[in-house]
Amino acid sequence: MDLSKLKSSSFNTENNRRAISGIFIVLLIVGGILSGGRLWFLATLLISVVSLWEYYSLISQKAHISKGLGIIVSLFLFLSALKGLFYLYLGPILALTAFLILIIEMIRREYTGVSNAIWNLSGIISGIIYVVLPWIFMFNLRTYPRGLFILLALFMCTWSCDVFAYLIGTKWGKRSLCENVSPRKSWEGFWGGLAGSLLGGAVVAYSLSLPPSMFILIGLICGIAGQFGDLGESILKREVGFKDSGDIIPGHGGMLDRFDSILISATLIYLIFGVIMS
């Protein structure tokens, strides 16, 4: 069999899988944003819980993590957001979670002589902060007067950034951006991603016939911070020797792989438009 044809066939199959799963993700996100309410709540909850499980699986390569406890706490936080009590419950829930983890580790050490209190405490809490809170911010954003437009721009800019960074980086990428973190990332791809993100914001502003200033700012945030969010997950995988956080999305890897760049972008955009400018 011709090896070049075999490689070409494999490449095309992988691209088809990636395209099909990508379309499903876009429909899930856009459908949830447009519908709002409980459908958006379920979409953000599902994505965050799966992503959190993948994050805990990465941390578990170093030490024992009480994954179930982290998932339960995340569910409570999402339910508090649904009821409009998120900020009232956030602090007490995180504090009680920390104490509960320490109690669990005290009991484990008492009966087994071994404990992982530092890893378990830092792993559980960091997962909630890093993965779950940004998705709660995105759920809350939808309740704001401009939340629908902001969320559409957030995802449009993020996806445009990913596509342009990949295409330009693959075609013209020569200078490494962070060789020891993600060898395939290049400065050419970075600037291409930023341009794509700004273009995505402009498309949303034009499509909705709205002033472009807000969408340019969103484009800048997604094009710069979002790419460093991508690198942030890369360093986690690099430390445990994983290529992907999971394999739940054909052609894309794990849920955390697919949405890593949006976590920091969503947090910054929520801070600016949901808190400072509200």
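Here are the numbers for this structure:
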| read-out | value |
| --- | --- |
| Debye intensity ratio I(q)/I(0), log10, the stretch 144-184, q values 0.14, 0.25 Å⁻¹ (C-alpha model) | -0.47, -0.83 |
| Gaussian network model of the chain, Cα within-10 Å springs - most flexible of MET214, MET255, MET106 | MET106 |
| Cys with no candidate disulfide partner in the chain (beta-carbon separation under 4.7 Å rule) | CYS161, CYS178 |
| For the chain, fraction of C-alpha pairs farther apart than 35 Å, in % | 21 percent |
| Over the stretch 146-278, relative contact order from alpha-carbon pairs under 8 Å, at least 6 apart, % | 23 percent |
| Translational diffusion of the stretch 195-239, µm² s⁻¹ [Kirkwood Rh, Cα pairs; Stokes-Einstein; 10 °C; 1.306 mPa s] | 140 µm²/s |
| Shape box of the stretch 180-275 [Cα atoms, principal axes, largest first, Å] | 45, 30, 25 |
| Directionally averaged shadow of the stretch 38-143, computed from the convex hull of its alpha-carbon atoms, nm² | 6.3 nm² |
| Links that overshoot a 29 Å alpha carbon limit, given the list LYS67/LYS237; LYS174/LYS243; LYS83/LYS237; LYS62/LYS83; LYS171/LYS243 | LYS83/LYS237; LYS62/LYS83 |
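Read-outs throughout are calculated quantities, based only on the coordinates presented, and are distinct from any laboratory measurement. Just so it is clear, the model here is predicted, and its values are computed rather than measured. Heads up, the Cβs are rebuilt from the backbone with ideal geometry, glycines too, and the neighbour counts pull from every protein chain shown.
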